[in-house]
Amino acid sequence: MDDTGHSTEAILESISDGVFTVDRDWRVVSFNRAAETITGITRDEAIGRRCSDVFHSSLCEVACPLRRTLEHGDPLIDQPCWFVDVTGERIPISVSTAVLRDTTGATIGGAETFRDLSELEHLRKELAGRGQIGDLITCSAAMRPVLQLLPAVAATPSTVLIHGETGTGKELVARAIHGASPRAAGPFVAINCGAFPDSLLESELFGHARGAFTGATNDRAGCFARADGGTLFLDEIGEVSPALQVRLLRVLQDRCVVPLGSDRPRRVDVRILTATNRDLAELTADGAFRDDLYYRVNVVRVDLPPLRDRREDIPLLAEHFVERFNSQHGRRVTGIAPHALQLLFAHTWPGNVRELENAIEHAFVLCGDGPIQPQHLPRELAAHSAPAPPLDDDLRGSRGAAEAAAIRAALERNQGNRLAAARELGVHKSTLFRRMHTLGITPPARDGRSRS
């Protein structure tokens, strides 16, 4: 082989695209290192075999791009297709082809390059499969039951109890249910029942007539009337006093409200959504919450996990808040630096998503046009953070961090069983192994298959 041949071979061995050549009988003549990596097939196994026996591609039988190129002489660029690798997994690729000629111009075979699109396909699936209903955004397996439940809940008129710690996004869930419901065109009215004393809360809920009390100079519609035809969200319903619970129960049963100072009932058509961060069953057992009201509001229950149990959502939520603040303030903050992201992962988040939003807003105020750095975050974030698994120094961007966190969490939930983790994440086991390698995730010492 002359120097030109050696140079060509060196170039083919160094590129990341798979390259192979065939002769006129469709037998593989050359097979570069990238082709071995992408297919899992060694050069010795490929050379001499028909290319259709090597690749098992979706185009081999009916629309082989290399055959078309050899027949018509026209190269093809980035033809999408897939092939089956040695593990049986379908690998998405893009294919480009060319005719090979000898020094006299005679056709002696063909060349095909192929690019592994697994990463792009993974990103596409991640974006397409990313849970989002309204402003409720998640990629966490812990939130999957919530996302699966919400469409069915939204389609019914049933009363819903949303339970979760303070700051977990209970109102977002309520708005998502309303937005996906047949009442979406109607009003959404929210009230925090814990923010008002009894006398004022009664007026806020049911309205009042002019002269009902000192300062009531005009008739005023309450939340039930304003939500007519739509949805009323009663946040922190566990804070309602027993006396007011009686009247609230009657309205939920009869769907009629009587404003304070009036004797004229008004029928309302309202879907009721409620939320609490307290254990209503325990309050009911203690006599602090009426059992008949509890059964009325607890027709369907949605439990929101705290942010510490869905840490893989932290980068996704942080990016969402950065984008929103950029839009609101005309800034160009470019995201979260890896070390700042590590602090976000390490924090215990007692205030959940609301605390994260406040932390990002704090950092946004201090940050310029670059990424948010550790020094931009609230000082107490580092002071109260628990130890966190280290993020790889070359992990650039929060999407990779989110994926790494999701994989680690799935492995932990499945006691290191990688096959079970892959099933939970909805990917093939070889895809999981490849992503773990790319993200620098060390396989657990035990694989969890020997559990008793």
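Quick look at the numbers
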| quantity | calculated |
| --- | --- |
| Scope the range 8-53; condition open to solvent by 90 Å² or more (accessible area, probe 1.4 Å), among the acidic types (Asp, Glu) and either over 23 Å from Arg67 (Cβ atoms) or in contact with a His (Cβ under 8 Å, 6 or more places away or on another chain) (or both); matching residues | Asp44 |
| Qualifying position, being on the phi > 0 side of the Ramachandran plot and not small (Gly, Ala, Ser), among Asn298, Asn352, Asn358 | Asn352 |
| Which numbered condition Ala388 fails, given (1) farther than 26 Å from Pro350 by Cβ; (2) at pLDDT below 80 | (1) |
| Where a residue in the range 84-108 is over 12 Å from Ile38 (Cβ atoms) and open to solvent by 60 Å² or more (accessible area, probe 1.4 Å) and its partner, wherever it lies, is acidic (Asp, Glu) and at pLDDT 85 or above, with Cβ under 8 Å and at least six apart | Ile108/Asp23; Ile108/Asp102 |
| Boolean, Val99 is closer than 30 Å to Leu304 by Cβ and at pLDDT 85 or above | no |
| Identity of the residue in the range 360-383, assigned to a loop (DSSP other than H, G, I, E, B) and surrounded by 13 or more Cβ atoms within 10 Å (Cβ to Cβ), that ends up modelled with the lowest pLDDT | Pro371 |
| Hits in the range 312-339 (condition: in contact (Cβ under 8 Å) with a residue 60 or more places away in the chain and not in a helix (DSSP H, G or I)) | Gly335, Ile336 |
| Filter pass, Asp447 being open to solvent by less than 60 Å² (accessible area, probe 1.4 Å), within 26 Å of Leu117 (Cα to Cα), at pLDDT below 80 and of a type in the set (D, E, K, R) | no |
| Unique match (being at pLDDT below 90, charged (D, E, K, R) and within 40 Å of the chain's Cα centre (by Cα)) among Glu236, Glu202 | Glu202 |
| Criterion (of a type in the set (Gly, Ala, Ser) and over 18 Å from Val270 (Cβ atoms)) met by exactly one of Ser199, Ser181, Ser203 | Ser199 |
| Residue that is buried (at least 17 other Cβ atoms within 10 Å of the Cβ), among the aliphatic types (A, V, I, L, M) and either within 17 Å of Ala195 (Cβ to Cβ) or without any contact (Cβ under 8 Å) to a residue 24 or more places away in the chain (or both), where the choices are Val240, Val251 | Val240 |
| Filtered residue count, the range 141-163, keeping only those that are among the small types (Gly, Ala, Ser) and either within 29 Å of Ala422 (Cβ to Cβ) or in contact with a His (Cβ under 7 Å, 6 or more places away or on another chain) (or both) | 3 |
| Within the range 360-376, tally of residues that are under 12 Å from Phe325 (Cβ atoms) and touching a Leu at 6+ places or on another chain (Cβ under 6 Å) | 1 |
| Scope the range 154-165; condition β-branched (Val, Ile, Thr), touching a helix residue (DSSP H, G or I) at 6+ places or on another chain (Cβ under 7 Å) and open to solvent by 40 Å² or more (accessible area, probe 1.4 Å); matching residues | none |
| Residues located in the range 34-56, provided they are over 39 Å from the mean Cα position of the chain (by Cα) and not in a helix (DSSP H, G or I) | Ile47, Gly48, Arg49, Arg50 |
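Per-residue answers, yes or no, for (1) modelled with pLDDT under 95; (2) open to solvent by 50 Å² or more (accessible area, probe 1.4 Å); (3) touching a Cys at 6+ places or on another chain (Cβ under 9 Å); (4) of a type in the set (Lys, Arg):
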{"site": "Ile133", "(1), (2), (3), (4)": "yes, no, no, no"}
{"site": "Val146", "(1), (2), (3), (4)": "yes, no, no, no"}
{"site": "Gly167", "(1), (2), (3), (4)": "yes, no, no, no"}
{"site": "Arg175", "(1), (2), (3), (4)": "yes, yes, no, yes"}
{"site": "Ala180", "(1), (2), (3), (4)": "yes, yes, no, no"}
{"site": "Ala185", "(1), (2), (3), (4)": "yes, yes, no, no"}
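The values are calculated or read from the model by the stated rules, or taken from the named source; none is laboratory data. Everything numeric here is computed off the predicted structure, so don't read it as measured data. Note that each Cβ is placed from the backbone with ideal geometry, even for glycine, and that neighbours are counted across all protein chains shown. For accessibility, only protein heavy atoms count, side chains too; no ligands or nucleic acids. Shrake-Rupley method; radii C 1.70, N 1.55, O 1.52, S 1.80 Å.
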